[in-house]
Amino acid sequence: MSNSYLFLLLLLLLLPLPLLLILYLLVRPRPVKIPIKNRHVFITGGSSGIGLALAHQAASEGARVSILARSLDKLEQAKQAIQLSTGVDVAVFAADVRDYDAVSKAISEADPIDVLIVNQGVFVPQELEKQELDEVKFMIDVNLMGSFHMIKAALPSIKNNRTDRGPASIALMSSQAGQVGIYGYTAYSASKFGLRGLAEALQQEVIADDIHVSLIFPPDTDTPGLVEGVYVHLT
């Protein structure tokens with residue numbers, strides 16, 4: 001009797017494994033080359049730093065490019081720089097990613113979208129005990145909630161209206177601080193760690209539509225955001 005009981009218990013424990021394996025095979029990340037030539041690449045935080053560099057590269061590879069940031073003046077400067085170096089006229093959208101309605105309006109005007117690069121980010125390093133909660137909320141709202149806003153607003157366009165039925169992409173810009181907690185980066189790390197859960201769960205939801213979600217972990221990069229964050233910390 002005891003042997004039969006143990007056998008049944010073992011069987012019950014093992015039964016879910018094939019189902020989990022099938023689920024893993026269905027949703028596991030696969031290397032996919034996403035074409036961008038003659039397709040629309042939409043980049044947030046595109047007026048400077050990594051976003052601007054990505055916009056330059058996409059334009060040089062023949063993509064239609066749109067960039068979104070808060071400052072219209074900086075966007076216009078970026079637009080002129082890209083046009084000067086590539087000959088491509090990019091579209092610019094001045095909006096704050098914390099404002100879902102403004103983001104939705106920009107996405108609607110930019111439609112259709114084939115590649116969304118969620119690159120915006122703010123960085124104010126400080127020990128949590130000393131940091132103002134307004135700064136914590138600012139980083140969470142821009143880095144994490146802003147990413148939710150962008151993706152939720154853009155998903156219908158990416159799923160239903162993209163230029164062709166080729167594979168589409170959503171890329172989220174995280175950080176090394178999104179992989180391991182770093183002293184003085186408590187709020188920033190939390191805002192970037194959240195992107196991992198967003199990306200991994202979202203991939204399961206959209207893979208059936210041939211949308212591929214990427215999470216990028218750049219090291220410290222010489223950008224205006226890094227310089228400003230370090231300056232604020234040191235002063």
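Observations, loosely collected:
- Residues that are modelled with pLDDT of 95 or more and touching a strand residue (DSSP E or B) at 6+ places or on another chain (Cβ under 6 Å) within segment 152-166 comprise A154, I158, listed in sequence order.
- When Q126 is tested against (1) in contact with a Gly (Cβ under 7 Å, 6 or more places away or on another chain); (2) under 19 Å from S214 (Cβ atoms), only condition (2) is not met.
- Filter result for the condition that a residue is buried (at least 19 other Cβ atoms within 10 Å of the Cβ) and either out of contact with any Lys or Arg (no Cβ under 9 Å at 6 or more places or on another chain) or at pLDDT 95 or above (or both), over M139, M145: M139
- Residues satisfying the stated conditions in segment 31-79, i.e. among the aliphatic types (A, V, I, L, M), outside any loop (DSSP other than H, G, I, E, B) and out of contact with any helix residue (DSSP H, G or I) (no Cβ under 7 Å at 6 or more places or on another chain): I50, A53, L54, A58, L72, L75
- Hits in segment 79-114 (condition: among the hydrophobic types (A, V, I, L, M, F, W, C) and under 21 Å from H149 (Cβ atoms)): A91, V92, F93, A94, A95, V97, A102, V103, A106, I107, A110, I113
- The set of residues in segment 182-199 being assigned to a loop (DSSP other than H, G, I, E, B) and either among the charged types (D, E, K, R) or touching a residue at least 12 places away in the same chain (Cβ under 8 Å) (or both) consists of Y183, G184, Y185.
- Qualifying residue in segment 159-173 (condition: in a helix (DSSP H, G or I), within 11 Å of the chain's Cα centre (by Cα) and under 25 Å from A53 (Cβ atoms)): no
- Comparison of I50, I67, I43 shows that the only residue that is in contact with a Pro (Cβ under 8 Å, 6 or more places away or on another chain) and within 15 Å of Q120 (Cα to Cα) is I50.
- Contacts under 9 angstrom Cβ, first residue in segment 97-108 being surrounded by fewer than 16 Cβ atoms within 10 Å (Cβ to Cβ), partner part of a loop (DSSP other than H, G, I, E, B), 6 or more apart: K105/A95
- Some residue of segment 178-191 being buried (at least 19 other Cβ atoms within 10 Å of the Cβ), touching a Leu at 6+ places or on another chain (Cβ under 7 Å) and closer than 20 Å to I211 by Cα: no
- Taking each residue of segment 74-95 that is farther than 16 Å from N119 by Cα and looking for partners that are outside any loop (DSSP other than H, G, I, E, B) and hydroxyl-bearing (S, T, Y) with beta-carbon atoms closer than 6 Å, six or more apart or interchain, yields T86/S60; A91/S66.
Residue-wise test of (1) at pLDDT below 90; (2) among the β-branched types (V, I, T); (3) closer than 30 Å to D111 by Cβ.
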| residue | (1), (2), (3) |
| --- | --- |
| A168 | no, no, yes |
| A177 | no, no, no |
| S189 | no, no, no |
| D220 | yes, no, no |
| L226 | yes, no, no |
| H233 | yes, no, no |
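- Residue in segment 120-128 that is within 19 Å of the chain's Cα centre (by Cα), at pLDDT 95 or above, part of a helix (DSSP H, G or I) and buried (at least 22 other Cβ atoms within 10 Å of the Cβ) present: no
- Positions within segment 193-205 being over 14 Å from F148 (Cβ atoms) and either in contact with a helix residue (DSSP H, G or I) (Cβ under 8 Å, 6 or more places away or on another chain) or β-branched (V, I, T) (or both), in sequence order: F193, Q203, Q204
The values are calculated or read from the model by the stated rules, or taken from the named source; none is laboratory data. Predicted, not measured: the structure shown is a model, and the values here were computed from it. Glycine also receives a Cβ, built like all others from the backbone with ideal geometry; neighbour counts cover every protein chain displayed.
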